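Working notes for the structure below.
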Amino acid sequence: MELSEKTLQTRRIHEGRIINLRVDTVELINGKTSQREIVEHKGAVCVVPVLPDGQIIVVRQFRKPCEKDLLEIPAGGLEIGENPEACAARELSEETGKAGQLSHLFSCYLAPGYSTELIHCYLAENLTDDFGTPDEDEHLNVETYPLTELLAMCDDGRIQDAKTIAALNTLYRRQK
């Protein structure tokens, strides 16, 4: 059976700086119709910065939708038409320093049930402390931990950010 849905109508609800929201009326494979609320997102990158001693740089920042601070790997949104690796280098420089080497780890959809956001994850090595300028509305604390401690934080709930959990576990699996 071919799995698909035919879009019959699209209604734009919101056009924003970070996201757009639309409602699609779709025809299902059984001929019935349904509504799909879709968050359109330009995509993003995240980076696992590893220091020469094996420590991993993470950032702690307040996230308004969660109403708390979260410990995360550096990340940021793609600009329209921007190359993901170039975006990863820019975001890393803004938050923690420059990478001598970036390697693609994976790409994944963060919430494919309602969002188009595709995030590209990179490993950053051979770091320098050549910091750029964080975004004007971005306030964060930079912290470092060994991978084993970060994985324990994922297990006990101190890290609740999906991209960070996926990236750290991918890195651990690749090191085995």
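Derivation of every value follows stated rules applied to the coordinates shown; laboratory data play no part. Computed from a prediction, not measured in an experiment: that's the story for all the values here. Quick reminder, even Gly has a Cβ in these numbers, built from the backbone with ideal geometry, and neighbours come from all protein chains shown.
Kirkwood Rh over Cα pairs of the range 12-79 into Stokes-Einstein at 4 °C, 1.567 mPa s: D in µm²/s?
On the way: Rh = 15.5 Å.
For the chosen part, D equals 84 µm²/s.
Give the angle, between 0 and 90 degrees and rounded to the nearest 10, that separates the Cα long axis of helix 84-95 from the longest principal axis of the Cα atoms of the chain.
50
What is the range 64-131 by shape, rounded, prolate or oblate, if you read a ≥ b ≥ c off the alpha carbon gyration tensor as root eigenvalues and call it rounded for a/c under 1.5, prolate for a/b larger than b/c, and oblate otherwise?
Oblate is the answer for the range 64-131, as a/c is 1.5 or above yet b/c matches or exceeds a/b.
In the range 17-37, which residues have a backbone nitrogen under 19 Å from the label point lying 7 Å from Lys6's Cα in the Cα-to-Cβ direction?
The answer is 24-36, whose backbone nitrogens lie closer than 19 Å to the label point.
Find how much the distance from Leu28 to Asn141 grows on full extension, using 0.36 nm per residue of separation minus their present alpha carbon separation; answer in nm with one decimal.
Extending this stretch completely gives an extra 36.0 nm.
Express the relative contact order of the range 58-176 as a whole percentage, based on alpha carbon pairs under 8 Å and six or more residues apart in sequence.
In percent, rounded to a whole number, it is 28.
What's the extension gain from Gln61 to Tyr114 if we count 0.36 nm per residue and subtract their Cα-Cα distance?
16.6 nm
Give the lysines reachable from Lys32 as a straight Cα distance under 21 Å; neighbours fewer than 8 places away on the same chain don't count.
Output for Lys32: Lys6.
Roughly how tilted is helix 162-175, in degrees to the nearest 10 and between 0 and 90, from the longest Cα axis of the chain?
Computed tilt is about 60 degrees.
What's the longest piece of the chain with no exposed chymotrypsin sites (Phe, Trp or Tyr not before Pro), counting a site as exposed if DSSP puts it in a loop and it has at most 14 other beta carbons within 10 Å?
Working: sites that count: Tyr114, Phe131.
My reading of the result: 1-113 is the longest stretch.
Please report how far the C-alpha centroid of the range 141-168 lies from that of the range 50-68, rounded to the nearest whole angstrom.
That distance is 8 Å.
Which lysines, if any, have their Cα less than 21 Å from the Cα of Lys64, not counting same-chain residues under 8 positions apart?
Lys64 reaches Lys42, Lys163.
Note down the magnitude of the dipole of the chain about its Cα centre, charges +1 on Lys and Arg C-beta and -1 on Asp and Glu C-beta and zero elsewhere, to the nearest 20 debye.
Values: 19 positive and 30 negative charges, 146 e Å.
Dipole magnitude for the chain comes out near 700 debye.
Return one number: the angle in degrees, 0 to 90 and rounded to the nearest 10, between the long axis of the Cα atoms of helix 147-156 and the longest principal axis of the Cα atoms of the chain.
The angle comes out near 50 degrees.
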